[in-house]
Amino acid sequence: MDSQPVPPDASDNNGASGAGQPLAGGRAGAMPPGDQGAVGRNAGARAAEVGGDPALAEPVDRRSAPRRPMPLGPAFHADLVILGRSLSLSLEDLSLGGVALRASKAEAGGLLVGRRLPQVRLSLGDHGVMLVSLEVRARRSFRSFLAGEQVHVGCRFVDLDTAGQVRLQAVIEQLHHAFD
C-alpha cells in the first residue's frame with residue numbers, strides 16, 4: 001500500500017488540524033517544507049545582511065540617542081497641523097535625536113515617512129513647552145487592546161539649536177529622576 005503525504009491542513013481522526021504537532025524531520029507546526037514562517041524568513045534576510053550568521057541577525061538599533069519613555073497621561077503631547085487639520089498626539093518617548101508619537105490610524109494618514117512637520121508644539125507637562133520642527137522617519141502599526149489600531153510615528157528633530165538641545169537634555173534628565 002502506497003503512503004500519501006498528508007496535507008498540513010488535513011484532519012486527524014479526532015478532527016484536529018494537527019497544527020503544532022511534530023512533523024517529519026523533527027519540525028513542529030504545519031508549515032510546508034522549506035517555509036520557515038515570517039519570523040524565519042525575516043531572520044534569514046537579516047542573517048544575509050550580516051554575513052549569513054543567523055546568530056548575528058539581531059534588529060539594528062538606528063537611534064542616534066537613547067530614548068526616555070514618557071509617562072502616560074495628557075500632559076505629554078505634540079500639537080501640530082497636518083494637511084490643514086490640527087492634531088494632538090501622545091508622546092511615546094523622547095530623546096536628543098527625536099520623539100515618538102502615537103496616533104490613531106485616521107490621525108496618522110498624513111504623517112508619511114519623509115514629511116517635514118514645522119512648528120510642532122511639544123507639551124512636556126511641568127517642564128513647559130518647546131516649539132520644534134520634525135521629520136517623520138518611521139511608521140509602525142500596532143493594535144492596542146483599549147484603543148484599537150494605532151500607529152507609532154518616529155520623528156527626528158530638524159535644525160534643533162544648541163539651546164533647544166540643552167533644554168531637551170535637562171527635561172530628559174528630570175524625567176529620568178522623577179519616574180525611575
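Here, each number is a calculation from the coordinates, and none is a lab measurement. All values derive from a computational prediction rather than experimental measurement. Glycine also receives a Cβ, built like all others from the backbone with ideal geometry; neighbour counts cover every protein chain displayed.
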Can you list the residues, at least 5 places off or on another chain, whose amide H is less than 5 Å from the amide H of G97, using H built in the peptide plane? A65
Starting from the Kirkwood radius over alpha-carbon pairs of segment 83-179, derive D by Stokes-Einstein at 37 °C in a medium of 0.692 mPa s and give it in µm² s⁻¹. 232
Calculated from backbone phi, Karplus (6.51, -1.76, 1.60) coupling profile of segment 78-85 in Hz, x at Gly/Pro: 10, 9, 8, 10, 9, 6, x, 10
Scan around R115 for amide H atoms under 5 Å from its own, H built in the peptide plane at 1.01 Å from N, and keep only partners 5 or more places away or cross-chain. V136
Which net charge results for the neighbourhood of V153, defined as the other residues with beta-carbon distances under 12 angstrom from its beta-carbon, given Lys and Arg at +1 and Asp and Glu at -1? +3
